[in-house]
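A.B. asks: Quick one: structure below, then a few questions.
The values are calculated or read from the model by the stated rules, or taken from the named source; none is laboratory data. Since this is a predicted model, take the numbers as computed values, not measurements. Virtual Cβ from ideal backbone geometry, glycine too; neighbours counted across all protein chains shown.
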Amino acid sequence: MSDANLAEDFSYAVRLHGEGRYAEAEELYRRLLDRLPDNVNLLVNYGLLLRERQRHAEALAMLRRAVNLSPANHGAWLALGAACESAGRLQDALAAFGRAVTLAPHDPRGWNNQGKALYLLGRTEEALASFQRAVRLRPDYPLALANLGVALHALERFAEAVACLERAAAMQPQDTDVLYNLASALALAGRREDAVARFRQILGLDANHAPARHMLAALTGATPDTAAPRDYVQTVFDQYAARFEAHITGVLGYTAPTALRRLADTIARRRFARAVDLGCGTGLAGLAFRDTVEQLWGVDLSAAMLAEARAKGIYDRLEQEDIVAFLHACRQEAWRFDLLLAADVLIYQGGLEPLFGAAVARLAPDGLFLFSVETLDRHDKGAGFMLRPSGRFAHHPDYVAACACRCGLRVLARRPIRLRKEQGVWLDGLVCALGRASAAIAA
């Protein structure tokens, strides 16, 4: 085969790849690689295809081979960084993007990608600087503008975030991810009507966009009975995971895990054979209870939060699943729990019967179900629960008790707490202990 034919075949493979015809593109890449085993451009393109097909180990091997053959090729380092990021190897991704930036400091892609890796690692201030560098190099770079807006949002610089995201949205008016981040920033900047308009714009583009539908309901005063959509919860916490603990404990003053532990110690000074931390997040409640539990499981919807929890080494088992679906699945295995924990989780549930009904079926005869809720303001006493503009549900204590009773549970104890801060103001909350026992409610 002549060089001209090889070049023509490579161009055709790249075209197939770009059209999403992955099997055909891979077959052609593989044949070309037999003839040109050290061609860096071929290795990079094939490696990126493998990344898109989520064959992470093969992609990493291919792209490491490319950078070893051509260590000064910044495009190969960018591709390797992208593959490392997809494989969840964020430190390796950061190192690869850093190498690309060193080799080509005037290429905004390297700074943007480095910023994303820093952001995912929870290093938001450094990410901000990297995104700013990318935008200075290319002011019309929509991806960098959008990422800069997300970083500013995370740092609660909402007006600046809106400005960046509006520029990105003007360049990519069909991109629902950019529009969703813009709408969220508008809401937190106090521009509720503009946020509502953007959420409606998203639903005009994608009527099945569950997070936008949820936040539109939150901002317009609707209160669905159902839990927050799975996609919404996953989106929020996958993006939040790396900086979650530093923010919620260091900035927001989060109290639920320690308040639940104090409540448990007050009413049940004993060890628990098997416990499950429902909506375990990064493991803050698990840490608070680990010394009282023989076997501790954790369940969460967010893969990124579970990765943080896994790194702590405190859980005997971790599952990525909706908490009600998990409890129903446990019924098939006849598993029962001496302790169910749900710290700051019912804020993503509307009506509580589905959760309480699933919980009572899996609770041991003398088991405890401990959880926290955000409580409604005094003027909301007529409502059982309400979806707030934050996108979280608040519940009235009387509704919680009545719902527990209907599901065969009883309130054993409850305590008002200051749950965490929101925009500098403490949120009122409640920690509750439910069980099957017929003891009176503790004062």
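A.B. asks: Among the residues of the range 34-44, is there at least one that is in contact (Cβ under 8 Å) with a residue 60 or more places away in the chain and either crowded, with 20+ Cβ neighbours inside 10 Å or of a type outside the set (D, E, K, R) (or both)?
C.D. replies: Checking the range 34-44: not a single residue is in contact (Cβ under 8 Å) with a residue 60 or more places away in the chain and either crowded, with 20+ Cβ neighbours inside 10 Å or of a type outside the set (D, E, K, R) (or both).
A.B. asks: Just to be sure before I move on: is Ala242 assigned by TED's automatic domain parsing to the domain that holds Gly429, closer than 30 Å to Asp366 by Cα and crowded, with 18+ Cβ neighbours inside 10 Å in the structure I sent?
C.D. replies: Working: assigned by TED's automatic domain parsing to the domain that holds Gly429: yes; closer than 30 Å to Asp366 by Cα: no; crowded, with 18+ Cβ neighbours inside 10 Å: yes.
In short, no.
A.B. asks: Can you find even one residue in the range 123-137 that is surrounded by fewer than 18 Cβ atoms within 10 Å (Cβ to Cβ) and in contact with a Pro (Cβ under 8 Å, 6 or more places away or on another chain)?
C.D. replies: The answer is yes; a qualifying residue exists.
A.B. asks: Further question on the same structure: Quick one: is Arg388 farther than 26 Å from Ala210 by Cα and modelled with pLDDT under 95?
C.D. replies: no
A.B. asks: Tally the residues that are basic (Lys, Arg) and under 26 Å from Thr235 (Cα atoms), restricting the search to the range 286-342.
C.D. replies: 3
A.B. asks: Another one. Collect the residues in the range 336-389 that are assigned to a loop (DSSP other than H, G, I, E, B) and crowded, with 22+ Cβ neighbours inside 10 Å, keeping them in residue-number order.
C.D. replies: Matches in the range 336-389: Ala343, Asp344, Val345, Gln349, Leu352, Leu376.
A.B. asks: Are any residues in the range 103-114 more than 17 Å from Thr124 (Cβ to Cβ) and touching a residue at least 24 places away in the same chain (Cβ under 8 Å), and if so, which ones? Steps first, please.
C.D. replies: Filtering the range 103-114 down to residues more than 17 Å from Thr124 (Cβ to Cβ) leaves 103-110.
Matches in the range 103-114: Leu103, Ala104, His106, Asp107, Pro108, Arg109, Gly110.
A.B. asks: Which pairs turn up if I take residues in the range 285-304 that are free of Cβ contacts under 8 Å to residues at least 24 places away in the same chain and among the aliphatic types (A, V, I, L, M) and look for partners that are crowded, with 19+ Cβ neighbours inside 10 Å and assigned to a helix (DSSP H, G or I) with beta carbon separation below 8 Å, at least 6 apart in sequence or on another chain?
C.D. replies: Sorted first by the residue in the range 285-304, then by its partner, the pairs are Leu296/Gly286; Leu296/Phe289.
A.B. asks: Now for a different question. Kindly provide the set of residues from the range 49-69 that are among the hydrophobic types (A, V, I, L, M, F, W, C) and crowded, with 18+ Cβ neighbours inside 10 Å, ordered by number.
C.D. replies: Leu49, Leu50, Ala59, Leu60, Met62, Leu63, Ala66, Val67 - these are the residues of the range 49-69 that are among the hydrophobic types (A, V, I, L, M, F, W, C) and crowded, with 18+ Cβ neighbours inside 10 Å.
A.B. asks: Tell me, please, whether a residue that is out of contact with any Leu (no Cβ under 6 Å at 6 or more places or on another chain), over 15 Å from Gln239 (Cβ atoms) and of a type in the set (D, E, K, R) can be found in the range 153-167.
C.D. replies: Yes: the range 153-167 contains one or more residues that are out of contact with any Leu (no Cβ under 6 Å at 6 or more places or on another chain), over 15 Å from Gln239 (Cβ atoms) and of a type in the set (D, E, K, R).
A.B. asks: Okay, next question. Just one of Ala93, Ala82, Ala72 is touching a residue at least 24 places away in the same chain (Cβ under 8 Å), over 20 Å from Ala144 (Cα atoms) and either in contact with a helix residue (DSSP H, G or I) (Cβ under 7 Å, 6 or more places away or on another chain) or surrounded by 18 or more Cβ atoms within 10 Å (Cβ to Cβ) (or both); which is it?
C.D. replies: That would be Ala72, the only listed residue that is touching a residue at least 24 places away in the same chain (Cβ under 8 Å), over 20 Å from Ala144 (Cα atoms) and either in contact with a helix residue (DSSP H, G or I) (Cβ under 7 Å, 6 or more places away or on another chain) or surrounded by 18 or more Cβ atoms within 10 Å (Cβ to Cβ) (or both).
A.B. asks: Pick from the range 265-279 the residues that are in a loop (DSSP other than H, G, I, E, B) and touching a residue at least 40 places away in the same chain (Cβ under 8 Å): which of them is surrounded by the most Cβ atoms within 10 Å (Cβ to Cβ)?
C.D. replies: Gly279
A.B. asks: Among the numbered conditions (1) more than 20 Å from Cys432 (Cβ to Cβ); (2) at pLDDT 95 or above, tell me where Leu370 comes up short.
C.D. replies: Going through the list (1) more than 20 Å from Cys432 (Cβ to Cβ); (2) at pLDDT 95 or above, Leu370 breaks only (1).
A.B. asks: Here are some residues: Asp428, Asp398. Which one is modelled with pLDDT of 90 or more and either assigned to a helix (DSSP H, G or I) or not assigned by TED's automatic domain parsing to the domain that holds Asp377 (or both)?
C.D. replies: Answer to the check: Asp398.
A.B. asks: Report yes if Gly47 is within 24 Å of Gly122 (Cα to Cα) and either out of contact with any strand residue (DSSP E or B) (no Cβ under 8 Å at 6 or more places or on another chain) or in a loop (DSSP other than H, G, I, E, B) (or both), otherwise no.
C.D. replies: no
A.B. asks: Taking Ile314, is it part of a helix (DSSP H, G or I), touching a strand residue (DSSP E or B) at 6+ places or on another chain (Cβ under 8 Å) and either outside the structural domain of Arg420 (by TED's automatic domain parsing) or at pLDDT 95 or above (or both)?
C.D. replies: No: the conditions fail for Ile314.
A.B. asks: Something else: Of the residues that make up the range 112-120, is at least one surrounded by fewer than 22 Cβ atoms within 10 Å (Cβ to Cβ) and not β-branched (Val, Ile, Thr)? Please lay out each step first, then the result.
C.D. replies: Applying the first criterion (surrounded by fewer than 22 Cβ atoms within 10 Å (Cβ to Cβ)) to the range 112-120 yields 120.
Imposing the further condition that a residue be not β-branched (Val, Ile, Thr) reduces the set to 120.
Yes, because at least one residue in the range 112-120 is surrounded by fewer than 22 Cβ atoms within 10 Å (Cβ to Cβ) and not β-branched (Val, Ile, Thr).
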